[in-house]
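Undergrad: I have a structure here, written as structure tokens, and I will follow up with some questions on it.
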Amino acid sequence: MSGAVVGVDVGSRGLRIAWTPGGEQPAEVTDLPPTGSSPWVGAVLSPRSIGFVSVRELRSPAAVDTLTSELARACATVRGESGADVSRAVLSVPTRLGSADRTKLRDAARAAGFAEVHLINDSVAAALADGSGEPRTVLVYSLGHSGFETGLLRVARRQVRVLGHAGAMEPSGLAMDTWLMQAWLGSLSGQDVEDLNTWDAPRWARLREVAEQVKVRLAGGDRVTLAWPPWSSGDGPSKHVETPSPEEFGRYLDEQVAGTAKHVREVIADAGMTSTDIDAVLRVGEASALTAVRAMLEAEAGSAGSPAEPYRLARGAAVYGSYLRPPAVNKDAEFVDPQDTAARPVLAVRIPEGPAGGPPDVFEEVRRLWAGGATDEARTLLTKLVDRANRMLAEMDRPAPSSAPESVPESVFGPESARDSLSGSLSDSRREEPMPASSTPEQRDRARRAIRRADRLLRKGQLQKAVDESHHALKQASDDGEIFAGMIGIHVDAARARPGPAGYAEARLWLGCARNHARFNETVAAYIVERTLEYARHQLAHDQVDDARRLLEECMFYELSDPGVRELAEELAARTRN
């Protein structure tokens, strides 16, 4: 093959490139820091909240122009260093990137001068980077600036088979930056400081960069004292903001990483494997070096894993490009998710309310999403709010019930368990689901046995295994209402078996899963509100006001009329006024 092949790691904070000068030689690497005065991660301003968006997300014409010019610079750099024409470019991107964004990336790369453009998933690029032909099974765990992903792959003789994948917007490096900034702004509430609503986008982008630096120091165990604003010269009197301690930051990180363990476990189990079947574990992304990540991978995958060098994704993309035989076509469907996905919500910090502030305005979230380009998410949230309002109005027109609502049973797994209280409302909860295929009597029998196994696992305290078994039951007979109710009930009962603040993270994951299956089930929603309120009060008691406010907003999404929601909103408003 003549000409150079360029591999491009299209990251959330810039580009990294690698190239092969021809044939199948090892990829050379080149440092290509972003140019220009605009930050690669910019701020998006909306009333009382500030979001942060990477150029890679191509949310604006300016972002498209920036990415196109950087890709053109990459093309010119390789031409200059290799002395050869560029035959093709392979862009490494997260698997969760939607098809619309992939099309924009291809268009930008072609406009930059690359005639032949391919896409490859980050996990595939990471597995291919060393160019080894030895058959192996690789788990790639990525925790970077824009989100989390894990992929299980089988690599053999230049072929890659994706065995499983999971990913999410959070946890992420940006979410950690946002958490820190929110803590700073919360400590400024009520102080005589410059009105933050007057700040422009470059100042907010600069604050995020400070948070990124402080995050690294806190993870390393340093205690950080921060003047306000952080770039003040120090001459004369200055304000200081409260920065979380390394211990507090460590607890936050532990909670975030714990939420990814379930995905790692499921990816391995869904492939029919165990940790002993994995030959190598690779950690990709700045945050994957955290101690909590290494400990979690040791427990779930049998190895803490090896850190990927900074240019591994770019190198893997270049290696893949060198394997393609001319004339190559854009045959990358096996490496990408072709489904259309909505633009991800913009992570944001909220400017604290003034002394006259009240409970958070749910509609601000809609405005923020809309302003950040996530129109579909904004529309979905608004529609849900309208639906809930209509249901509430209908409830007001009905006579009041003659008896008080049932209390939560004392026994977690007794005859009055969640499965009994759920079965009556599941026909409504699944109204939007497509009609499942009819199961056979044998499948229904296997499903019932799986539910019984899940129940036994619950009683033994093996909660995650119980939840996994309930998923297996649903796969066998998803059209059986009894099986569906049993699966949802297992999730709720598992959550009840993890009481108190210490069990909130796991309980909330299981409840969230149940809610995804039964979106309109009021029993599940009520228990989510109950647990979230409990944890919000715990956080407030420990002076984590911003965490409590965020949790309150989640409760308000599910149930605005709950007395506990109103009481906490009033308490937070009073705390802000004082």
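Undergrad: Which ones in the range 449-478 are modelled with pLDDT under 90, among the charged types (D, E, K, R) and either open to solvent by less than 20 Å² (accessible area, probe 1.4 Å) or within 19 Å of ARG515 (Cα to Cα) (or both)?
TA: LYS475 - this is the single residue of the range 449-478 that is modelled with pLDDT under 90, among the charged types (D, E, K, R) and either open to solvent by less than 20 Å² (accessible area, probe 1.4 Å) or within 19 Å of ARG515 (Cα to Cα) (or both).
Undergrad: Specify which of the listed residues (ARG508, ARG566, ARG550) is open to solvent by 40 Å² or more (accessible area, probe 1.4 Å), at negative phi and either modelled with pLDDT of 85 or more or outside any helix (DSSP H, G or I) (or both). Before the answer, list the steps.
TA: Values: ARG566 fails: either modelled with pLDDT of 85 or more or outside any helix (DSSP H, G or I) (or both); ARG550 fails: either modelled with pLDDT of 85 or more or outside any helix (DSSP H, G or I) (or both).
Only one candidate passes the filter, namely ARG508.
Undergrad: Another question, if that's okay. Just to be sure I understand, how many residues within the range 30-45 are open to solvent by 20 Å² or more (accessible area, probe 1.4 Å), modelled with pLDDT under 75 and not charged (D, E, K, R)?
TA: 7
Undergrad: Can you pull out every residue in the range 115-148 that is of a type in the set (Gly, Ala, Ser) and over 24 Å from GLU212 (Cα atoms)?
TA: Residues satisfying the conditions are ALA115, SER123, ALA125, ALA126, ALA127, ALA129, GLY131, SER132, GLY133.
Undergrad: Restricted to the range 215-225, and to residues that are surrounded by fewer than 13 Cβ atoms within 10 Å (Cβ to Cβ) and more than 24 Å from the chain's Cα centre (by Cα), which residue is modelled with the lowest pLDDT?
TA: Filtering the range 215-225 for residues that are surrounded by fewer than 13 Cβ atoms within 10 Å (Cβ to Cβ) and more than 24 Å from the chain's Cα centre (by Cα), the one modelled with the lowest pLDDT comes out as THR225.
Undergrad: Give the number of residues within the range 102-145 that are part of a helix (DSSP H, G or I), of a type in the set (D, E, K, R) and either under 17 Å from the mean Cα position of the chain (by Cα) or closer than 24 Å to GLU309 by Cβ (or both).
TA: Initially, the range 102-145 is screened for residues part of a helix (DSSP H, G or I), giving 102-111, 122-128.
Next, only the ones that are of a type in the set (D, E, K, R) stay: 102, 104, 106-107, 110, 122.
Pick out the ones that are also either under 17 Å from the mean Cα position of the chain (by Cα) or closer than 24 Å to GLU309 by Cβ (or both) and you get 122.
Selection size over the range 102-145: 1.
Undergrad: Separate question: Take the conditions in a helix (DSSP H, G or I), open to solvent by less than 20 Å² (accessible area, probe 1.4 Å) and under 22 Å from GLU248 (Cα atoms) and apply them to ARG531. Does it pass?
TA: Values: in a helix (DSSP H, G or I): yes; open to solvent by less than 20 Å² (accessible area, probe 1.4 Å): yes; under 22 Å from GLU248 (Cα atoms): yes.
Answer is yes for this residue.
Undergrad: A further question follows. THR95 passes all but one of (1) within 22 Å of GLY285 (Cα to Cα); (2) part of a helix (DSSP H, G or I); (3) touching an Asp or Glu at 6+ places or on another chain (Cβ under 8 Å); (4) not aliphatic (A, V, I, L, M); which number fails?
TA: Unmet condition: (2).
Undergrad: Could you name every one of the helices (runs of 4 or more DSSP H) located completely within the range 226-324 that has at least 1 residues being open to solvent by less than 40 Å² (accessible area, probe 1.4 Å) and among the charged types (D, E, K, R)? Reasoning before the result, please.
TA: On the way: elements: 246-270, 291-301, 312-323.
Hits in the range 226-324: 246-270, 312-323.
Undergrad: I'd like to verify a number: residues in the range 273-291 that are at pLDDT below 90 and either in contact with an Asp or Glu (Cβ under 8 Å, 6 or more places away or on another chain) or of a type outside the set (A, V, I, L, M) (or both), how many? Let's see the steps before the verdict.
TA: Filtering the range 273-291 down to residues at pLDDT below 90 leaves 285-291.
Cutting the leftovers down to either in contact with an Asp or Glu (Cβ under 8 Å, 6 or more places away or on another chain) or of a type outside the set (A, V, I, L, M) (or both) gives us 285-286, 288, 291.
Counting residues in the range 273-291 that are at pLDDT below 90 and either in contact with an Asp or Glu (Cβ under 8 Å, 6 or more places away or on another chain) or of a type outside the set (A, V, I, L, M) (or both) gives 4.
Undergrad: Also: Quick check, is GLU81 within 15 Å of GLY14 (Cα to Cα), in a helix (DSSP H, G or I) and touching a strand residue (DSSP E or B) at 6+ places or on another chain (Cβ under 9 Å)?
TA: Working: within 15 Å of GLY14 (Cα to Cα): no; in a helix (DSSP H, G or I): yes; touching a strand residue (DSSP E or B) at 6+ places or on another chain (Cβ under 9 Å): yes.
Judged against the criteria, GLU81 is not a match.
Undergrad: Further question on the same structure: Pick from LEU152, LEU218: which is out of contact with any Phe, Trp or Tyr (no Cβ under 8 Å at 6 or more places or on another chain), within 30 Å of SER92 (Cβ to Cβ) and not polar (S, T, N, Q)? Break it down stepwise before answering.
TA: Details: LEU218 fails: out of contact with any Phe, Trp or Tyr (no Cβ under 8 Å at 6 or more places or on another chain).
Only one candidate qualifies: LEU152.
Undergrad: Restricting to the range 157-166, name every residue that is at pLDDT below 85, assigned to a strand (DSSP E or B) and either buried (at least 19 other Cβ atoms within 10 Å of the Cβ) or at positive phi (or both).
TA: VAL160
Undergrad: Looking at (1) of a type outside the set (A, V, I, L, M); (2) at pLDDT below 80; (3) in a helix (DSSP H, G or I), which is the one condition that is false for THR66?
TA: Single failed check for THR66: (2).
Undergrad: The conditions are (1) open to solvent by 40 Å² or more (accessible area, probe 1.4 Å); (2) assigned to a helix (DSSP H, G or I), and ASP493 fails exactly one of them. Which is it?
TA: Looking at each condition in turn, ASP493 falls short on (1).
Undergrad: Hey, another quick one. Could you please find all residues in the range 173-205 being in contact with a Leu (Cβ under 7 Å, 6 or more places away or on another chain) and closer than 30 Å to ILE278 by Cβ?
TA: Residues satisfying the conditions are LEU174, ALA175.
Undergrad: Next question. Out of the residues in the range 493-514 meeting the condition of being among the hydrophobic types (A, V, I, L, M, F, W, C) and touching a Leu at 6+ places or on another chain (Cβ under 7 Å), tell me which one is nearest to ALA447 (Cα to Cα).
TA: At the first step, the residues of the range 493-514 found to be among the hydrophobic types (A, V, I, L, M, F, W, C) are 494-495, 497, 502, 505, 507, 509-511, 513-514.
Subset that is touching a Leu at 6+ places or on another chain (Cβ under 7 Å): 494-495, 497.
Values: ALA494: 19, ALA495: 22, ALA497: 23 Å.
Ranking the candidates gives ALA494 first.
The values are calculated or read from the model by the stated rules, or taken from the named source; none is laboratory data. These numbers come from a predicted model, not from an experiment. A quick note on method: Cβ atoms are made from the backbone with ideal geometry, for glycine too, and the neighbour counts reach across all protein chains shown. To get the accessible areas, we keep the full protein, side chains included, count just its heavy atoms, and leave off ligands, DNA and RNA. Shrake-Rupley method; radii C 1.70, N 1.55, O 1.52, S 1.80 Å.
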